[in-house]
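Just below is one structure, and these are the notes that go with it.
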Amino acid sequence: VARLARGATIEQAQAELAALAPGATACAGNAREPLKLIAAPLRVRYVEAARNNDLIFFAIVAAVVLIACVNLTNLLLTRGLDQRREFAVRSALGANSVRLARPMIVQNSLLALAGAAAGLLFARMFLGVIRSVAALDTFRPTGMDYRVDWRVATFATLVAVAAAIVMSII
(Lines give C-alpha, C1' and ligand atoms only; values in the text may rest on other atoms or scores of the structure.)
Protein backbone atom coordinates (compact mmCIF):
# COMPACT_ATOMS: atom_id res chain seq x y z
CA VAL A 1 0.00 0.00 0.00
CA ALA A 2 1.46 3.30 -1.05
CA ARG A 3 0.42 6.83 -1.80
CA LEU A 4 0.85 8.36 -5.24
CA ALA A 5 3.18 11.31 -5.55
CA ARG A 6 1.50 14.60 -6.31
CA GLY A 7 0.76 14.78 -10.03
CA ALA A 8 1.51 11.06 -10.64
CA THR A 9 -1.01 8.82 -12.35
CA ILE A 10 -1.96 5.20 -11.79
CA GLU A 11 -0.47 4.32 -15.19
CA GLN A 12 2.91 5.81 -14.23
CA ALA A 13 2.87 3.91 -10.95
CA GLN A 14 1.98 0.68 -12.77
CA ALA A 15 4.91 1.20 -15.19
CA GLU A 16 7.32 1.66 -12.27
CA LEU A 17 5.96 -1.42 -10.53
CA ALA A 18 6.35 -3.48 -13.73
CA ALA A 19 10.01 -2.44 -13.81
CA LEU A 20 10.45 -3.46 -10.14
CA ALA A 21 8.66 -6.83 -10.48
CA PRO A 22 11.68 -8.91 -11.65
CA GLY A 23 13.78 -7.68 -8.75
CA ALA A 24 10.96 -8.37 -6.29
CA THR A 25 10.62 -11.91 -7.68
CA ALA A 26 14.35 -12.49 -7.20
CA CYS A 27 14.14 -11.21 -3.61
CA ALA A 28 11.23 -13.53 -2.89
CA GLY A 29 13.56 -16.48 -3.53
CA ASN A 30 11.23 -19.46 -3.67
CA ALA A 31 8.48 -17.83 -5.77
CA ARG A 32 7.31 -20.28 -8.45
CA GLU A 33 5.74 -17.56 -10.58
CA PRO A 34 6.93 -14.02 -11.14
CA LEU A 35 5.38 -11.58 -8.71
CA LYS A 36 2.78 -9.28 -10.17
CA LEU A 37 2.73 -5.84 -8.61
CA ILE A 38 -0.48 -3.92 -9.19
CA ALA A 39 -1.25 -0.23 -8.82
CA ALA A 40 -4.94 0.36 -8.19
CA PRO A 41 -6.89 2.87 -6.15
CA LEU A 42 -7.68 1.59 -2.66
CA ARG A 43 -11.30 2.56 -3.19
CA VAL A 44 -11.56 -0.04 -5.99
CA ARG A 45 -10.33 -2.74 -3.62
CA TYR A 46 -12.91 -1.76 -1.02
CA VAL A 47 -15.71 -1.79 -3.56
CA GLU A 48 -14.73 -5.28 -4.78
CA ALA A 49 -14.50 -6.59 -1.21
CA ALA A 50 -17.84 -5.04 -0.31
CA ARG A 51 -19.47 -6.51 -3.42
CA ASN A 52 -18.48 -10.06 -2.39
CA ASN A 53 -19.69 -9.52 1.16
CA ASP A 54 -22.91 -7.94 -0.08
CA LEU A 55 -23.63 -10.99 -2.23
CA ILE A 56 -23.15 -13.29 0.76
CA PHE A 57 -25.29 -11.00 2.92
CA PHE A 58 -27.97 -10.92 0.19
CA ALA A 59 -28.00 -14.72 -0.06
CA ILE A 60 -28.47 -15.07 3.69
CA VAL A 61 -31.25 -12.49 3.79
CA ALA A 62 -32.95 -14.04 0.75
CA ALA A 63 -32.91 -17.48 2.41
CA VAL A 64 -34.48 -16.09 5.59
CA VAL A 65 -37.11 -14.18 3.60
CA LEU A 66 -37.91 -17.31 1.58
CA ILE A 67 -38.43 -19.34 4.75
CA ALA A 68 -40.66 -16.61 6.18
CA CYS A 69 -42.69 -16.44 2.97
CA VAL A 70 -43.21 -20.20 2.91
CA ASN A 71 -44.37 -20.14 6.53
CA LEU A 72 -46.72 -17.23 5.85
CA THR A 73 -48.09 -18.98 2.76
CA ASN A 74 -48.87 -22.06 4.83
CA LEU A 75 -50.62 -19.88 7.42
CA LEU A 76 -52.71 -18.12 4.77
CA LEU A 77 -53.65 -21.36 3.05
CA THR A 78 -54.74 -22.86 6.37
CA ARG A 79 -56.81 -19.78 7.17
CA GLY A 80 -58.35 -19.90 3.69
CA LEU A 81 -59.35 -23.52 4.16
CA ASP A 82 -60.93 -22.66 7.52
CA GLN A 83 -62.98 -19.88 5.89
CA ARG A 84 -64.38 -21.99 3.04
CA ARG A 85 -67.77 -22.33 4.75
CA GLU A 86 -67.98 -18.58 5.40
CA PHE A 87 -67.24 -17.83 1.74
CA ALA A 88 -69.73 -20.45 0.59
CA VAL A 89 -72.47 -18.77 2.68
CA ARG A 90 -71.51 -15.30 1.37
CA SER A 91 -71.52 -16.59 -2.20
CA ALA A 92 -74.91 -18.24 -1.70
CA LEU A 93 -76.26 -14.93 -0.40
CA GLY A 94 -75.18 -13.24 -3.65
CA ALA A 95 -71.73 -11.79 -2.94
CA ASN A 96 -69.64 -11.35 -6.07
CA SER A 97 -65.93 -12.20 -6.30
CA VAL A 98 -64.83 -8.66 -5.42
CA ARG A 99 -66.87 -8.68 -2.22
CA LEU A 100 -65.45 -12.09 -1.36
CA ALA A 101 -61.84 -11.04 -2.01
CA ARG A 102 -62.00 -7.70 -0.15
CA PRO A 103 -61.95 -9.14 3.42
CA MET A 104 -59.10 -11.50 2.49
CA ILE A 105 -57.07 -8.63 1.02
CA VAL A 106 -57.61 -6.52 4.15
CA GLN A 107 -56.74 -9.40 6.51
CA ASN A 108 -53.68 -10.43 4.55
CA SER A 109 -52.49 -6.83 4.14
CA LEU A 110 -52.73 -6.19 7.88
CA LEU A 111 -50.89 -9.42 8.58
CA ALA A 112 -48.20 -8.59 6.01
CA LEU A 113 -47.76 -5.03 7.30
CA ALA A 114 -47.42 -6.32 10.86
CA GLY A 115 -44.83 -8.81 9.62
CA ALA A 116 -42.96 -6.10 7.72
CA ALA A 117 -42.93 -3.85 10.79
CA ALA A 118 -41.66 -6.70 12.97
CA GLY A 119 -39.03 -7.55 10.35
CA LEU A 120 -37.82 -3.96 10.14
CA LEU A 121 -37.61 -3.74 13.93
CA PHE A 122 -35.71 -7.03 14.05
CA ALA A 123 -33.37 -5.86 11.27
CA ARG A 124 -32.63 -2.63 13.08
CA MET A 125 -31.85 -4.47 16.32
CA PHE A 126 -29.80 -7.13 14.52
CA LEU A 127 -27.72 -4.54 12.66
CA GLY A 128 -27.01 -2.87 16.01
CA VAL A 129 -25.73 -6.19 17.35
CA ILE A 130 -23.59 -6.72 14.24
CA ARG A 131 -22.04 -3.25 14.63
CA SER A 132 -21.16 -3.99 18.26
CA VAL A 133 -19.24 -7.22 17.46
CA ALA A 134 -15.66 -6.16 16.83
CA ALA A 135 -14.73 -9.42 15.07
CA LEU A 136 -17.13 -8.60 12.22
CA ASP A 137 -15.39 -5.29 11.43
CA THR A 138 -12.92 -7.11 9.18
CA PHE A 139 -15.78 -8.05 6.83
CA ARG A 140 -17.06 -4.50 6.49
CA PRO A 141 -14.84 -2.13 4.51
CA THR A 142 -14.14 1.24 6.05
CA GLY A 143 -16.88 3.69 5.24
CA MET A 144 -19.48 1.00 4.45
CA ASP A 145 -22.40 0.99 6.84
CA TYR A 146 -25.56 -1.09 6.61
CA ARG A 147 -28.62 0.63 8.03
CA VAL A 148 -32.40 0.52 7.93
CA ASP A 149 -33.62 3.84 6.52
CA TRP A 150 -36.77 5.07 4.81
CA ARG A 151 -35.85 3.40 1.50
CA VAL A 152 -35.57 -0.01 3.15
CA ALA A 153 -38.82 0.56 5.05
CA THR A 154 -40.63 1.65 1.87
CA PHE A 155 -39.34 -1.35 -0.08
CA ALA A 156 -40.31 -3.78 2.70
CA THR A 157 -43.80 -2.25 2.95
CA LEU A 158 -44.38 -2.40 -0.81
CA VAL A 159 -43.20 -6.00 -1.01
CA ALA A 160 -45.40 -6.96 1.96
CA VAL A 161 -48.51 -5.36 0.49
CA ALA A 162 -47.85 -6.83 -2.98
CA ALA A 163 -47.35 -10.30 -1.49
CA ALA A 164 -50.54 -9.94 0.55
CA ILE A 165 -52.58 -8.93 -2.48
CA VAL A 166 -51.17 -11.75 -4.60
CA MET A 167 -51.83 -14.31 -1.86
CA SER A 168 -55.36 -12.96 -1.40
CA ILE A 169 -56.21 -13.26 -5.07
CA ILE A 170 -54.72 -16.71 -5.44
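The values are calculated or read from the model by the stated rules, or taken from the named source; none is laboratory data. Please read these numbers as outputs of a predicted model, since none were measured by experiment. Every residue, glycine among them, receives a Cβ derived from its backbone with ideal geometry; neighbour counts consider all protein chains shown. For the accessible areas, the whole protein counts, side chains as well, though only heavy atoms, and no ligand, DNA or RNA atoms are used. Shrake-Rupley method; radii C 1.70, N 1.55, O 1.52, S 1.80 Å.
Structural remarks
- Distance between the modelled labels on Val159 and Arg6, one decimal in nanometres: 4.9 nm (7 Å Cα→Cβ projection).
- Accessible area (Å², per residue) of segment 54-117, counting only protein heavy atoms and a probe of 1.4 Å: 73
- Taking 0.36 nm per residue of sequence separation and removing the Cα-Cα distance, the Ala134/Gln83 pair yields an extension gain of 13.3 nm.
- Cβ-Cβ FRET estimate between Ile105 and Tyr146, R0 fixed at 41 Å, reported to 0.05: 0.80
- Extension gain, Val44-Leu66: 0.36 nm per intervening residue step, less the Cα-Cα distance, totals 4.7 nm.
- Pairwise FRET efficiency - Asp54 versus Glu16, Cβ, R0 = 35 Å, nearest 0.05: 0.55
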